[in-house]
Amino acid sequence: MTEMPNGDNKPIDFSDALRGARSRPSFEEPRQTEIHSPIEDSPKMVQWVVMYSGGLVKTGTQANYVLVSFSALAIIVSLYIFFGTVSEQSIIIRPAVI
């Protein structure tokens, strides 16, 4: 027989070692819950507006309203620039002299 680590020639008995262990997890133990922010599930632009608004925008819905308002304003300004800058002078095209 080989020498055991405890210095005896007796084998170590592990038959009672796992008797107190549970085979199923117990749900009675307190769980640690993570703090979940609804902003983390939002698109990156919404997160950006909430982060950089200086506290004016607090929720994802408010950030969506800000983004829609900004895009509507950008469309209105671009339409004004495109259609509002036509000069009053008419362009005179003179025929070439041959």
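The values are calculated or read from the model by the stated rules, or taken from the named source; none is laboratory data. Values in this document were obtained by computation on a predicted structure and should not be read as measured data. Cβ placement follows ideal geometry from the backbone for every residue including glycine, while neighbour counts extend to all protein chains displayed.
The rows are residues; the columns are (1) surrounded by 10 or more Cβ atoms within 10 Å (Cβ to Cβ); (2) modelled with pLDDT of 90 or more; (3) part of a loop (DSSP other than H, G, I, E, B).
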position: Lys58; (1), (2), (3): yes, yes, yes
position: Gln62; (1), (2), (3): yes, yes, no
position: Val68; (1), (2), (3): yes, yes, no
position: Ser71; (1), (2), (3): yes, yes, no
position: Val77; (1), (2), (3): yes, yes, no
position: Val86; (1), (2), (3): no, no, yes
position: Ser90; (1), (2), (3): no, no, yes
position: Arg94; (1), (2), (3): no, no, yes
position: Val97; (1), (2), (3): no, no, yes
Practice task
Assess whether Glu40 counts as being modelled with pLDDT under 90, among the charged types (D, E, K, R) and either assigned to a loop (DSSP other than H, G, I, E, B) or touching a Gly at 6+ places or on another chain (Cβ under 9 Å) (or both).
Solution key: no
Practice task
Please tell me if Asp13 is among the acidic types (Asp, Glu), surrounded by 10 or more Cβ atoms within 10 Å (Cβ to Cβ) and modelled with pLDDT of 70 or more.
Solution key: no
